[in-house]
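Heads up: the structure comes next, in structure tokens.
The values are calculated or read from the model by the stated rules, or taken from the named source; none is laboratory data. Remember, predicted model here, so these are calculated numbers, not experimental data. Because the Cβ atoms are built from the backbone with ideal geometry, glycine has one as well, and the counts that use them run over all protein chains shown.
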């Protein structure tokens with residue numbers, strides 16, 4: 001309540017209202033005007049008072065101002081009434097209860113009515129400020145929410161009046177940046193709290209915004225907080241321009257993003273460590289592959305050659321074939337490790353051609369025929385698909401068929417049965433199904449069998465062995481071919497059905513896969529240089545090549561190979577890539593400069609990058625250990641040897 005110090009007393013409200021001009025003002029005033037006597041009873045009211053209170057004039061003359069006061073606020077109104085009755089005008093804000101019991105907020109100017117120096121009553125001008133007070137409350141609540149949000153978000157606001165160079169900083173701004181609110185900086189000196197390594201970058205961002213290059217800007221930088229040390233801050237701002245295009249105002253917020261930035265940096269470090277660990281894993285697998293392949297190489301070459309010796313007794317031949325199968329299986333497991341790595345890196349490539357899928361199925365069956373026969377497993381073929389020509393990588397698709405058929409043999413007990421059938425869907429797709437009567441798969445395991453290293457029940461893993469990579473690789477290969485592979489089983493002991501779906505293409509040569517061209521008789525024996533530091537591999541390969549009628553020299557490193565190349569003439573180079581004094585790539589590069597003879601690279605490393613480096617060095621062919629004797633023989637024949 002405020003007492004009005006200077007206000008002329010009104011001698012008689014009756015006299016005032018008797019004047020026509022005052023009566024008109026009273027009746028038509030937009031503010032409510034009420035008069036009371038010394039007891040507080042209303043004596044007069046204008047139409048605006050009726051609208052404000054909801055009472056008619058007649059009703060108002062029967063009540064007192066106390067009846068319009070909200071519960072708990074009467075004393076405030078009574079104090080103002082006593083002040084006016086003492087002859088002093090006053091003003092106050094108060095609540096008012098309308099006739100319908102709703103509440104209004106009013107601003108009141110109350111004046112005493114003085115007749116013959118005696119206060120005979122009072123009148124008040126009441127202005128409805130309900131809407132204004134509501135807006136003020138909402139504004140306060142909004143400001144409180146904003147301040148609360150800023151505190152919760154560690155955010156501060158700032159506003160720069162560029163024209164008058166006046167900056168306003170919120171309390172939260174000082175807290176975020178660790179500044180003293182009693183020493184508020186101007187805009188220029190505000191850059192001083194930014195970390196020196198970030199300061200110039202932030203300054204250029206602000207200058208670009210002022211120059212209209214980027215009026216809305218966002219930058220992240222570090223500040224030196226006196227208590228908390230280095231903190232990360234995100235600043236978002238915008239520049240306002242006048243009609244002439246001159247900057248007049250810049251405002252924005254700063255957010256403490258230290259926790260987020262720390263998490264980002266930790267995640268970045270973790271990602272770098274994961275990439276490094278993955279690269280180390282790939283290097284380890286490649287090195288492991290090389291170390292495992294190298295001793296297998298002479299074994300596989302020797303048994304492959306022995307298996308073709310017509311003079312071997314049948315029992316010895318069976319043993320040799322058993323050694324060959326198991327050595328090839330060991331090599332296949334090593335290849336699976338490299339394939340899964342190549343798949344993970346997206347580096348598995350296909351060499352596509354039109355081939356007969358049925359022919360590849362027959363080849364896969366030949367590989368597992370001995371194992372199936374040993375377990376007395378019957379294999380029935382129902383290959384009824386008329387469209388069986390597909391555009392595929394022959395070796396990789398055969399790998400899929402071999403994986404699936406091998407699993408069927410592996411998981412089918414002795415005396416079981418495997419059915420392989422094919423047909424064409426209405427859309428022309430080729431569907432191949434391998435159905436076994438084996439151990440089956442539980443429903444909860446079925447969705448996971450195409451995951452790497454998944455074999456379901458651990459007891460199955462112990463019983464049957466393997467790495468659990470075959471189906472994973474097969475699924476990836478099928479996706480690369482634009483096809484699919486899926487599995488179905490009714491549960492344990494109820495067998496498994498693997499379905500392979502491929503897109504068919506127009507047949508060539510009556511739908512048959514391209515036949516291998518018959519090799520013409522060798523034109524001559526070749527002079528071959530073998531560069532190999534693994535003694536067993538070098539001895540076995542040299543013996544086999546000499547048995548084929550070739551002249552062979554052996555070098556155990558780069559320098560001995562160069563000396564032989566300088567002193568002898570060769571028709572073919574066969575070189576290991578890993579040598580004690582360099583690499584086979586060095587030997588091939590020297591050969592290209594000296595005599596330009598073809599080269600065959602041998603390596604325990606068989607990734608795509610290894611093959612690419614071999615071809616870039618000049619090798620015509622890259623063979624991954626252990627070497628397939630028949631393939632080596634065919635390649636040499638292609639170069640003109642026997």
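Summary of values
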item: Any hit, segment 558-577, residues being within 21 Å of residue 298 (Cβ to Cβ) and surrounded by fewer than 19 Cβ atoms within 10 Å (Cβ to Cβ); result: yes
item: Single residue of segment 185-208 satisfying the filter (out of contact with any helix residue (DSSP H, G or I) (no Cβ under 8 Å at 6 or more places or on another chain) and in a loop (DSSP other than H, G, I, E, B)) that is nearest to residue 238 (Cα to Cα); result: 187
item: Condition check for residue 465: at pLDDT below 90, loosely packed, with under 13 Cβ neighbours inside 10 Å, touching a strand residue (DSSP E or B) at 6+ places or on another chain (Cβ under 7 Å) and in the same structural domain as residue 379 (by TED's automatic domain parsing); result: no
item: Cβ-Cβ under 6 Å pairs, at least 6 apart or on other chains, segment 514-535 side over 13 Å from residue 546 (Cα atoms), far side assigned to a loop (DSSP other than H, G, I, E, B) and at pLDDT below 85; result: 522/641; 522/642; 523/640
item: Count - residues of segment 63-86 that are loosely packed, with under 15 Cβ neighbours inside 10 Å and under 24 Å from residue 116 (Cβ atoms); result: 2
item: Residue list for segment 578-590, restricted to those being over 12 Å from residue 562 (Cα atoms) and surrounded by 22 or more Cβ atoms within 10 Å (Cβ to Cβ); result: 579
item: Residues being within 13 Å of residue 406 (Cβ to Cβ) and in a loop (DSSP other than H, G, I, E, B) - total across segment 348-396; result: 2
item: Segment 140-169 residues that are within 20 Å of residue 187 (Cβ to Cβ), paired with ones that are modelled with pLDDT under 70 (beta carbon under 9 Å, 6 or more apart); result: 155/149; 156/150; 157/146; 157/150; 167/184; 168/184; 169/184
item: Qualifying position, being farther than 30 Å from residue 172 by Cα, at pLDDT 90 or above and out of contact with any strand residue (DSSP E or B) (no Cβ under 9 Å at 6 or more places or on another chain), among 121, 54, 87; result: 54
item: Any chance residue 573 is under 41 Å from the mean Cα position of the chain (by Cα), in a strand (DSSP E or B) and within 15 Å of residue 529 (Cα to Cα); result: no
item: Close pairs from segment 50-75: first outside any helix (DSSP H, G or I), partner exposed (fewer than 15 other Cβ atoms within 10 Å of the Cβ), Cβ under 6 Å, at least 6 apart; result: 54/98; 54/99; 54/100; 55/99
item: Complete set of residues in segment 8-26 that are surrounded by fewer than 14 Cβ atoms within 10 Å (Cβ to Cβ) and either at pLDDT 85 or above or touching a strand residue (DSSP E or B) at 6+ places or on another chain (Cβ under 7 Å) (or both); result: 9
item: From the options 39, 44, residue that is outside any loop (DSSP other than H, G, I, E, B) and either under 60 Å from the mean Cα position of the chain (by Cα) or surrounded by fewer than 20 Cβ atoms within 10 Å (Cβ to Cβ) (or both); result: 44
item: Single condition residue 421 does not satisfy, out of (1) in a loop (DSSP other than H, G, I, E, B); (2) modelled with pLDDT of 90 or more; result: (1)
item: Test for residue 596: is it part of a loop (DSSP other than H, G, I, E, B) and at pLDDT below 90; result: yes
item: Test: residue in segment 438-460 that is on the phi > 0 side of the Ramachandran plot, modelled with pLDDT of 80 or more, assigned by TED's automatic domain parsing to the domain that holds residue 397 and in contact with a strand residue (DSSP E or B) (Cβ under 7 Å, 6 or more places away or on another chain); result: yes
item: Qualifying residue in segment 624-642 (condition: farther than 21 Å from residue 556 by Cα and in contact with a strand residue (DSSP E or B) (Cβ under 6 Å, 6 or more places away or on another chain)); result: yes
